[in-house]
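Scroll down for the structure; my scribbles are underneath it.
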Amino acid sequence: MKKAFLFFMVIALLLIGVAGAQEEETGPSPETGGVFSLGEVVVRAKGDNVAKIATVETIDEERMDLTASENVSDAIDTLPGVFLSVGTKNERNFSVRGFDQRYVPVFYDGIPINVPNDGYIDTGKLPTANIAQITLTKGNPSVLYGPNAMGGVINILSKKPERQLEGEFAVGFREVKTMNYEAYIGSSLDKFYFTANGSFLDSDGFRLSGDFKPGENQGKGTRENSDIDQKSGAAKIGFVPADGHEYALGINTVKSEWGLPPGAYTDRPRFWRFTDWEKTTWYLIGDSEITDHLRTKIRLYRDTYENVLDSYDDDTYTTQTRKYAFHSTYNDYSNGGSLTVHTTWLPRNTTCFSFHYKEDVHKEQDDYNDEWERYESEMFSLGIEDDFGILDNLSFVVGTSYDIQSPKYANGGELRDDDDTFNPQAGLYWTSTEDLGLHMSVGKKTRFPTLLELYSGLFGRNIPNPSLKAEDAVNYEIGAEKPLAANSSVRLNLFCSDVKSLIVKKEMAPRIYQYQNIGKAQFRGLEASFKSGFFENNMFELHYTYLDARDRSPERTSDHLEENSEHKIYVSDLYETTDWLSFFAKMQWNSKRWYQDWDTGEWNTLNGFITVDLKAIATLAKGITLEAGVTNLFDENYSLSPGYPREGRAFFSMLRTSF
């Protein structure tokens, strides 16, 4: 019955587009400003209030260059409400307002790129070389993004050429023996355009703080097994046959090999390396402005993920003879597509319909000569959203999605029935004065369990639980923002999320676990931001985050939750001394964070920390800049996960050219 309902809804949406195609075409699309606007899910055009009922943070290419953000992880770390963590796999994870990465899907030009097995993607492996803009939507993002957007969404937008020929090249050097090359070229020729880029990162690892106290598995100096060798590239070709119509075919790929540093003080160190890690995304996007009141957009994609994780006998990383050694291989892929229809037939209303389909397949081989395991699931989502202009300065946005997860195959094991959920949300945006914007929203969001949570045995240490249901959250938000004189602005947001049916990892026996729907949590807090250009040749930014993240589970042993600080302060300042010389500094403070020792069950804290980065920027000639600076200026010794110390002081330089 559900499949029939979905089928007829899709047919209805397609018929709307076919019928509208018989009407007259409209005028040209707005300027993109170097951003591939075809990759947007919610078009943040003037008068579009769907994005304004939530908090949307935008990082453009200039900000990424200014903050020396070489990957997406570095870039989003400069935003309020975002907390990074780096743990046992040396992968960069993040949380947004308390929700970890499983609850905040990552999109590339509107294409979901999360790993099918566990819902994560290492944003530290996504270089910024071909990125024009990153948007983070917090609270209640549009239902047009599809399922699992419980804690927000991140959409990475690639570049789109504006000139007949344009390009960029950058080469950087950093301690310890780290080299980074980036190249981009693009061309816009009448009805066609194309882009291509590549980047290469080769590093012997990173140096620890001089204050680090050596442990059983880590001495002074360079972090053990922290090297990385990574190559990435992207290409896109676009076709604009007529005004209001645009189509693009693209590919984005990252191939990496890196080490996983062992815990510095543990008596059970892991000698692990990702000897292969590859993520490739193919996609086709088409946008048709069929009439003055009707626009459709379609996306089709295939996203693949392969990796080989090797566990070795010892710190020589050469032999695999001991019982704990293994050669684990993942071969995953996702196939999917989406259709959105935007209409303005009703006066003062913009109504949107969406349909999403995604097939996730996870295949794994736990060791050499072991049999391959296979797990599959499908997800469907139908959404409707309406932006109603009640008054010229007051808009009401209401929407809902109907989401379904359908497990298809569990390596021959037990399958549960389909799980479905409705996710309604509503919000108001009010311009109370000429330039004071106020918004409020409330919405129900869910996250379906991942294939790992449903079926994984984790080398015999986890009991599969195919009966897991979706997690639910109700997100509340109220906020205000106001531009000020001299290119300045101020923003304040208050938020609260009540989470139930939380999937938690419960210990069933010593070192034996199972994921269960027994958790509850509450995340509440505030974000305050201030940007100032009052002083000549100076741009100042300050933001503060307060997060009260509490475990409310009935069987909890503590109110604490891991991987989040209660307070975060970010300060940056750009000072242009002359036309050719500028200085940039940024400081970040994170308060202490809690973690649980899984061996003893006790809760402990990691110390808070302050990091300061400083650099000089010299314009040598038109389109040529040279940067030199230092990260972690005061050589702070800090960790984001227990036993995994982060970088100490490091000097760097970067030469950039563009044409």
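The values are calculated or read from the model by the stated rules, or taken from the named source; none is laboratory data. Every value quoted in this text rests on a predicted model; they were computed, and no experiment measured them. No Cβ is skipped: glycine too gets one built from the backbone with ideal geometry, and neighbour counts run over all protein chains shown.
Among the residues that make up the range 507-525, is at least one of them within 24 Å of the chain's Cα centre (by Cα) and surrounded by fewer than 16 Cβ atoms within 10 Å (Cβ to Cβ)?
For the range 507-525, residues within 24 Å of the chain's Cα centre (by Cα) and surrounded by fewer than 16 Cβ atoms within 10 Å (Cβ to Cβ): absent.
So the check is Cβ under 6 Å with 6+ separation or different chains; which pairs have a first residue in the range 231-248 that's at pLDDT 95 or above and a second one that's surrounded by fewer than 20 Cβ atoms within 10 Å (Cβ to Cβ) and part of a loop (DSSP other than H, G, I, E, B)?
As it stands, the answer is Val240/Lys191, since those pairs meet every condition given.
Return a yes/no flag: does the range 320-338 have any residue that is crowded, with 17+ Cβ neighbours inside 10 Å, modelled with pLDDT under 95 and not small (Gly, Ala, Ser).
No, there is no match, as no residue in the range 320-338 is crowded, with 17+ Cβ neighbours inside 10 Å, modelled with pLDDT under 95 and not small (Gly, Ala, Ser).
Trp282 - would you say it is surrounded by fewer than 21 Cβ atoms within 10 Å (Cβ to Cβ) and modelled with pLDDT of 95 or more? Before the answer, list the steps.
Values: surrounded by fewer than 21 Cβ atoms within 10 Å (Cβ to Cβ): yes; modelled with pLDDT of 95 or more: yes.
Here the answer is yes, as Trp282 does meet what is asked.
Taking Leu492 as the residue in question, decide whether it is at pLDDT below 95, on the phi < 0 side of the Ramachandran plot and under 23 Å from the mean Cα position of the chain (by Cα).
Working: at pLDDT below 95: no; on the phi < 0 side of the Ramachandran plot: yes; under 23 Å from the mean Cα position of the chain (by Cα): yes.
Judged against the criteria, Leu492 is not a match.
List the number of the failed condition for Phe192; all other conditions in (1) of a type outside the set (Gly, Ala, Ser); (2) under 22 Å from Glu40 (Cβ atoms); (3) surrounded by 22 or more Cβ atoms within 10 Å (Cβ to Cβ) hold.
The failed condition is (3).
Can you tell me which residue is nearest to the chain's Cα centre (by Cα) among those in the range 531-552 that are under 30 Å from Ile617 (Cβ atoms) and acidic (Asp, Glu)?
Step one: list which residues in the range 531-552 are under 30 Å from Ile617 (Cβ atoms), which gives 531-545.
Now drop any that are not acidic (Asp, Glu), which leaves 536, 541.
Working: Glu536: 35, Glu541: 23 Å.
Ranking the candidates gives Glu541 first.
Quick check on Tyr546: is it in a strand (DSSP E or B), touching a Lys or Arg at 6+ places or on another chain (Cβ under 9 Å), at pLDDT 95 or above and under 30 Å from Lys213 (Cβ atoms)? Reasoning before the result, please.
On the way: in a strand (DSSP E or B): yes; touching a Lys or Arg at 6+ places or on another chain (Cβ under 9 Å): yes; at pLDDT 95 or above: yes; under 30 Å from Lys213 (Cβ atoms): no.
No, not satisfied.
Which residues, taken from the range 390-445, are of a type in the set (D, E, K, R) and closer than 30 Å to Ala485 by Cβ?
Within the range 390-445, the first condition is being of a type in the set (D, E, K, R), and the residues that meet it are 392, 403, 408, 414, 416-420, 434-435, 444-445.
Correct list: Asp392, Glu434, Asp435.
Can you name the residue in the range 124-142 that is in a loop (DSSP other than H, G, I, E, B) and of a type outside the set (A, V, I, L, M) and, of all such residues, is farthest from Thr340 (Cα to Cα)?
Filtering the range 124-142 for residues in a loop (DSSP other than H, G, I, E, B) gives 126, 128-130, 139-142.
Narrowing further to those that are of a type outside the set (A, V, I, L, M): 128, 130, 139-142.
Working: Thr128: 28, Asn130: 26, Gly139: 22, Asn140: 19, Pro141: 16, Ser142: 12 Å.
Among residues in the range 124-142 that are in a loop (DSSP other than H, G, I, E, B) and of a type outside the set (A, V, I, L, M), the one farthest from Thr340 (Cα to Cα) is Thr128.
Touching a strand residue (DSSP E or B) at 6+ places or on another chain (Cβ under 7 Å) and buried (at least 20 other Cβ atoms within 10 Å of the Cβ): is that true of Val176 in this structure? Steps first, answer last, please.
On the way: touching a strand residue (DSSP E or B) at 6+ places or on another chain (Cβ under 7 Å): yes; buried (at least 20 other Cβ atoms within 10 Å of the Cβ): no.
When the stated conditions are applied, Val176 does not pass them.
Condition test on Ile121, is it crowded, with 23+ Cβ neighbours inside 10 Å, part of a strand (DSSP E or B) and under 16 Å from the mean Cα position of the chain (by Cα)?
On the way: crowded, with 23+ Cβ neighbours inside 10 Å: yes; part of a strand (DSSP E or B): no; under 16 Å from the mean Cα position of the chain (by Cα): yes.
It is false that Ile121 is crowded, with 23+ Cβ neighbours inside 10 Å, part of a strand (DSSP E or B) and under 16 Å from the mean Cα position of the chain (by Cα).
Do you know which residues across the range 333-379 are farther than 17 Å from Thr450 by Cβ, of a type in the set (Phe, Trp, Tyr) and part of a strand (DSSP E or B)?
Answer for the range 333-379, where residues must be farther than 17 Å from Thr450 by Cβ, of a type in the set (Phe, Trp, Tyr) and part of a strand (DSSP E or B): Phe353, Phe355, Tyr357.
If only one of Ser334, Ser338, Ser377, Ser328 is free of Cβ contacts under 8 Å to residues at least 40 places away in the same chain and among the polar types (S, T, N, Q), which one is it? Show your work before the answer.
Numbers: Ser334 fails: free of Cβ contacts under 8 Å to residues at least 40 places away in the same chain; Ser338 fails: free of Cβ contacts under 8 Å to residues at least 40 places away in the same chain; Ser377 fails: free of Cβ contacts under 8 Å to residues at least 40 places away in the same chain.
Matching residue, one of Ser334, Ser338, Ser377, Ser328: Ser328.
Of all residues in the range 591-638, which are in contact (Cβ under 8 Å) with a residue 24 or more places away in the chain, within 20 Å of Tyr546 (Cα to Cα) and not in a loop (DSSP other than H, G, I, E, B)?
Arg593, Trp594, Tyr595, Leu606, Phe609, Ile610, Thr611 - these are the residues of the range 591-638 that are in contact (Cβ under 8 Å) with a residue 24 or more places away in the chain, within 20 Å of Tyr546 (Cα to Cα) and not in a loop (DSSP other than H, G, I, E, B).
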